[in-house]
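Derivation of every value follows stated rules applied to the coordinates shown; laboratory data play no part. Here the structure is a predicted model, which means the values were calculated and not measured. Using ideal geometry, Cβ is built from the backbone for each residue, glycine included, and neighbour counts are taken over all protein chains shown.
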Amino acid sequence: MPSPHDFNPALVNWDGLHGLPRFDAIDDGDFSAAFDAALAAHEQEIDEIAGNADAPTFDNTVVALEIAGDALSRVSALFWNKAGAHTNELIQALEREISPKMSRHYSKIGMNAALFARIDTLWENRESLGLTLEQTRVLERHWKGFVKSGAKLETPEQEKLAAINEKLAGLGTQFGQNVLADETAWALVLSEGAELDGLPEFLRDAMAAAARDRGDEGKYAVTLSRSIIEPFLTFSERRDLREQAFKAWVARGANGGETDNRAVIKETLALRHEVARLLGYGNFAELKLDNTMAKTADAVNDLLKAVWARAVKRAGEEEVDIATLIAEEGRNHEVMPWDWRHYAEKIRARKFDFSEAELKPYLQLEKIIDACFDVAGRLFGIRAVEKKGVPTYHPDVRVFEIRDREDRLVALFLGDYFARSSKRSGAWMSSLQSQHRLELKNGRRGELPIIYNVCNFAKPAEGKPALLSLDDARTLFHEFGHALHGMLSNVTYPSVSGTGVSRDFVELPSQLYEHWLTVPAILRQYAVHFETGEPMPQVLLDRVLAARTFNAGFNTVEFTSSALVDMAFHTRETVEDPMAVQAEVLAEIGMPKSIVMRHATPHFQHIFSGGYSAGYYSYMWSEVLDADAFAAFEETGDAFNGEMARKLKENIYSTGGSVDPEDAYKGFRGKLPNPNAMLVKKGLATFEELTGSDA
């Protein structure tokens, strides 16, 4: 570890609650010097491992690599948390500097010939080393990582690959910062009166708070935070304002000027293809899919296109219903994207006799957080204890101890729930520290997982509760499912801890966890009215459950079109005009004019700054797994069946990447699934249609 005299020691010596960082002792200006010292220290550790005169062993090479770079891991975890959840100009400037520097650092490690020779020797002789399954998986991960970093290339190609990766790191940072800049810069400021027609009180309160934050006291701001823009598009009776807001929302990253991402995208795709060819792959998708469950682009596209055919058919039926309602209202316009949410909500209210506004008073953020914890307790025997007054990186962040049935501390969990201009959009899980059982250089054995969730819910006015939409509540459960994957991890080696699994398996624990939100016993207990405390009426609960697959065509078209465009980008040799390719793919599949991609290319952060390149499909791949996995509980007649919960924890939530994902799933379920349960769950098919059964 580098000397703490070189920088603020609070960045690496975490001596807060149970080893939490002392956020109150860290200043943004501390990061630059800390990165320099930590990078130098890690480089020295790598040189010592590579230069070891002893013959390579698993311990002196692989384990040594696993525990190297502790200071860099800590500084990085704190910095990237800040860059995503509470950034500013200083952090963003440093991010632009650090991203290529980190890429350069890891390229140098990946191309260290002496180090790779040690790893390669172990890999070639792995059968005779007496390794456990987990050790073999860890060795394989390191060996493949070196190969994909160019370890087998000649020096000129290695240097070329390193330069490309450095450039790509900078482009990814630029892409994300451009989207955040566009989101932060735009607002539609409204006044009382007709401009607010149709907007429920909870949305007016959120818009008033957003306006106050922007210095427009007494006004109402529509921002591009999903927690405001989506309900505005749903409830506003002003079609002209919906159109204005929608067009701003989908134009993020494509507004011209310094924040326009279209040139960034073109360069990114060209460089990714060059990386793939240098490493011996036909295209970037081949490279990314090499270590996944899907394995090939054909397998991905086969699934996506099979679902697309059903989804677009269902969306066509939904559009007819919307057009009929528009005509009923005496209007003569066609269905456009800024109309869909508005009229779909009216149809749902009519068809199922409830509206999102009627549901929202029963979905308090506090109660849904409690529900997340309760489900985890019923399934996995853990509980959350909130610790007040613990310093964090923002006053809104909350800290929880996660304890087991014997009251042993198993993890720390941080919840950061409210939208703010310093936070990128969306929701995510990450870790400050991952679980493992190795002995570190400081003598400590193993580490406690420190996991955090970041969301972007609208912050309520002072003294009022935060009320969620059903989609918000699902998001909360989804991200907590990821958090559980990190907190319940029970492995020896850091590199396979928690979410260290293949991209198309990582969404299984999160998407599966969403199912428990709508288990009737959970809704009855936690969906209580924020004013009266009365539980959601049974009749409303029944209607909510009956409407679970409402608008399934729209939702699936939004997602699947984005996934198909992602695959097209990363399977083509050249993409001269990304926007033309997007248009071409959408035309080929018959994209309805009334729906847009969930993430249009210029703000598609998942694939251009978020690690899901050639991998956005993985949400659907995991959905095949999660639908089948929850069916295992349903088949027992008990959503909290103890034996199934034990198998789920032991095979899915605690194994990380220590087991092949197919073997892990079969350990839980006994077999691999087919897509049928997913199609039924999404409401795109019935069991009878798929099986030809009348049973």
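Quick notes on this structure:
- Environment charge of residue 231, counting only residues whose C-beta is closer than 12 Å and scoring Lys/Arg +1, Asp/Glu -1: -2
- The trypsin sites (Lys or Arg not before Pro) of segment 290-329 that DSSP puts in a loop, and whose beta carbon has at most 16 other beta carbons within 10 Å, are 295.
- Length gained on full extension, residue 671 to residue 461: 70.6 nm, using 0.36 nm per residue less the C-alpha separation.
- Straightening the chain between residue 277 and residue 6 buys 93.4 nm, computed as 0.36 nm per residue apart minus the Cα-Cα spacing.
- Estimated FRET transfer efficiency (residue 214, residue 267; beta-carbon r; R0 30 Å; 0.05): 0.35
- At least 27 Å along the helix axis (C-alpha) and Kyte average at least -0.5, DSSP helices within the chain: 31-50, 155-185, 297-328, 552-571
- Given their separation in residues at 0.36 nm each and the Cα-Cα distance between them, residue 157 and residue 548 gain 135.5 nm when the chain is fully extended.
- Placing R0 at 60 angstrom, the Cβ-Cβ distance between residue 290 and residue 532 gives a FRET efficiency of 0.60 after rounding to 0.05.
- The loop-placed trypsin sites (Lys or Arg not before Pro) in segment 167-266, going by DSSP, that have at most 16 neighbouring Cβ atoms within 10 Å of their Cβ come out as 214.
- Estimated FRET transfer efficiency when R0 is 22 angstrom, pair residue 299-residue 635 (beta carbons, to 0.05): 0.20
- Considering only GluC sites (Glu not before Pro) in DSSP loops that have at most 16 other Cβ atoms within 10 Å, the longest stretch of the chain without any of them is 1-153.
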